[in-house]
Amino acid sequence: VNNKAISCPDQKPVIQNERTLVPIRFVAEALGYDVEWNKTDNSAVIDDGKIILYIGTNNAKINGKSVTLDVASTIIRDRTMVPLRVIAETLDCSVDWIGETQTVLVNTKKNGRDYQFDISRIDSAQEMRGMVILAFDVTEQVNAEKHRREFTANVSHELKTPLQTIIGSAELMELGIV
């Protein structure tokens with residue numbers, strides 16, 4: 001996090017039913033959330049219950065509401081694997097998939113800062129061997145883009161009035177009124 005690579009050395013992400021499942025502890029903790037294991041009901045609890053995933057089922061509770069996931073959470077090599085998009089979006093992140101590089105981009109806002117997480121596969125001999133999570137603080141870039149858009153909108157508005165006056169004057173001259 002904060003421009004340091006986070007790796008998941010003991011369990012690589014998997015794709016099931018066109019959904020990327022990731023080891024939840026690495027991703028949630030990189031985003032600044034706690035993950036707890038509840039052995040009583042076989043669930044992973046994220047952010048003090050904001051997300052509860054019942055392992056081995058498609059059932060979850062998100063913000064207190066029961067939901068059915070399109071892919072079940074599962075355990076692989078003692079790692080709880082969960083659908084990345086559901087978790088990230090519930091934690092107020094946006095998720096984008098770049099198919100050419102098989103990279104997942106996760107963007108979040110935490111403590112007034114904007115972060116982008118790039119999650120990429122590590123392949124060797126045509127086989128996925130793991131993943132790397134890079135976390136970038138993109139607050140300055142986000143703010144610069146916001147200011148650029150605001151400036152562009154203001155300039156467009158400020159130029160519109162004089163241009164309309166010039167166009168109106170040209171029409172009057174063309175009609176011989178002036």
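The values are calculated or read from the model by the stated rules, or taken from the named source; none is laboratory data. Since the model is a prediction, treat every value here as computed from it, not as a measurement. All Cβ positions, glycine included, derive from the backbone under ideal geometry; neighbour counts span all protein chains shown. Calculation scope for accessible area: heavy atoms of the full protein, side chains included, ligands and nucleic acids excluded. Shrake-Rupley method; radii C 1.70, N 1.55, O 1.52, S 1.80 Å.
Please verify whether Glu158 is modelled with pLDDT under 75, open to solvent by 80 Å² or more (accessible area, probe 1.4 Å) and either in a strand (DSSP E or B) or among the acidic types (Asp, Glu) (or both), treating the condition exactly as stated. Yes. Just name the residue that is modelled with the highest pLDDT out of those in segment 1-13 that are surrounded by fewer than 18 Cβ atoms within 10 Å (Cβ to Cβ) and over 22 Å from Ser94 (Cβ atoms). Per the stated criteria, the residue is Asp10.
With segment 19-83 as the region, which strands (runs of 3 or more DSSP E) entirely inside it contain at least 1 residues that are under 23 Å from Asp96 (Cβ atoms), at pLDDT below 90 and open to solvent by 30 Å² or more (accessible area, probe 1.4 Å)? Walk me through how you get there before you give the answer.
Working: elements: 19-23, 35-38, 43-46, 51-54, 59-62, 65-68, 74-76, 79-83.
Passing ranges, in order: 19-23, 65-68.
The one condition from (1) under 10 Å from the mean Cα position of the chain (by Cα); (2) in contact (Cβ under 8 Å) with a residue 24 or more places away in the chain that Arg129 does not meet is (1). Name the residues in segment 89-104 that are part of a loop (DSSP other than H, G, I, E, B), surrounded by fewer than 16 Cβ atoms within 10 Å (Cβ to Cβ) and either of a type in the set (Lys, Arg) or within 12 Å of the chain's Cα centre (by Cα) (or both), would you? Once the filter is applied, which keeps residues that are part of a loop (DSSP other than H, G, I, E, B), surrounded by fewer than 16 Cβ atoms within 10 Å (Cβ to Cβ) and either of a type in the set (Lys, Arg) or within 12 Å of the chain's Cα centre (by Cα) (or both), segment 89-104 yields only Asp92. Quick check: anything in segment 131-138 out of contact with any Leu (no Cβ under 6 Å at 6 or more places or on another chain) and open to solvent by 90 Å² or more (accessible area, probe 1.4 Å)? No, segment 131-138 has no match at all.
Go through segment 58-98 and give me each residue that's polar (S, T, N, Q) and farther than 17 Å from Val14 by Cβ.
Of the residues in segment 58-98, the ones polar (S, T, N, Q) are 58-59, 63, 66, 68, 73-74, 80, 90, 94.
Asn59, Asn63, Ser66, Thr68, Thr90, Ser94, listed by residue number.
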